[in-house]
Amino acid sequence: MNFTKGLQLIFGVTVIVLGIYVVLPNPSFPAPPPDSLQSDEPADVENTLRRSYFTDFTREEVMAHYLNEFKQYPALRLNYPPEEAQSIIRDQARSTFLEEIVHPFRESIFINGFEPKEAKDVIIISGTQYRQKITVKYIPSNPFLRILFIMLIGFFGIVLISRVVNISNKLLLLSLKILNKK
């Protein structure tokens, strides 16, 4: 087997594995942290893909919980400035942290947390004080678009490998001709 066919085979197997990964079903909306209370404020129930909870978990406990909830596939954890919450979560979101857990080439969830720093912002719901309010926004992806994306990667990858190997072979032949002339 020549070098080109070997590269194409490795690339083809990689694309097939990625293809299987992207056709697997989307996970459902992740469960809230234990002992949290779901917010029923109007802005928190206007979208089924965004839910808010009051919790006594710390930021790290919240993130560990959602990493565990979102562990079906390999995940990346991305950190954003809290100011981004107003464009990513909702326009009037208050934030002390904003993170995203991403399944590459697939869906992701944003977790926005607000921990009050001043007495006027303390969170008390039905007589119970909570450490923070978290808002979880789930961004599903379309499986057909994922498949199309992987197919395009596969097609252009094979074309690119063929071109690179072809150019490499021409350069090798040219260098051999130059060496033989000396």
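The values are calculated or read from the model by the stated rules, or taken from the named source; none is laboratory data. No experiment lies behind these values; they were computed from the predicted model shown. A quick note on method: Cβ atoms are made from the backbone with ideal geometry, for glycine too, and the neighbour counts reach across all protein chains shown.
Overview of results
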item	result
For Pro33: the one exception among (1) farther than 30 Å from Leu18 by Cα; (2) out of contact with any His (no Cβ under 6 Å at 6 or more places or on another chain); (3) crowded, with 18+ Cβ neighbours inside 10 Å; (4) not basic (Lys, Arg)	(2)
Selection count where residues are surrounded by 13 or more Cβ atoms within 10 Å (Cβ to Cβ) and over 13 Å from Phe114 (Cβ atoms), scope region 44-56	4
Candidate set: region 57-75, residues that are of a type in the set (Phe, Trp, Tyr) and over 22 Å from Pro116 (Cα atoms); chosen: the one surrounded by the fewest Cβ atoms within 10 Å (Cβ to Cβ)	Tyr73
Every residue from region 140-174 that is closer than 20 Å to Pro25 by Cα and of a type in the set (S, T, N, Q)	Ser141, Asn142
Some residue of region 46-57 being within 28 Å of Thr128 (Cβ to Cβ), touching a residue at least 60 places away in the same chain (Cβ under 8 Å), in contact with an Asp or Glu (Cβ under 9 Å, 6 or more places away or on another chain) and in a loop (DSSP other than H, G, I, E, B)	yes
Within region 62-75, tally of residues that are outside any helix (DSSP H, G or I) and in contact (Cβ under 8 Å) with a residue 24 or more places away in the chain	5
Some residue of region 78-86 being in contact (Cβ under 8 Å) with a residue 24 or more places away in the chain, over 14 Å from the mean Cα position of the chain (by Cα) and under 18 Å from Glu41 (Cβ atoms)	yes
All positions within region 1-45 that are assigned to a helix (DSSP H, G or I) and under 30 Å from Ile125 (Cβ atoms)	Pro42, Ala43, Asp44
Residue ranges of strands (runs of 3 or more DSSP E) in region 76-161 with at least 2 members at pLDDT 90 or above and crowded, with 16+ Cβ neighbours inside 10 Å	97-102, 108-114, 132-139
Out of Val17, Val23, sole residue that is in contact (Cβ under 8 Å) with a residue 60 or more places away in the chain and among the aliphatic types (A, V, I, L, M)	Val23
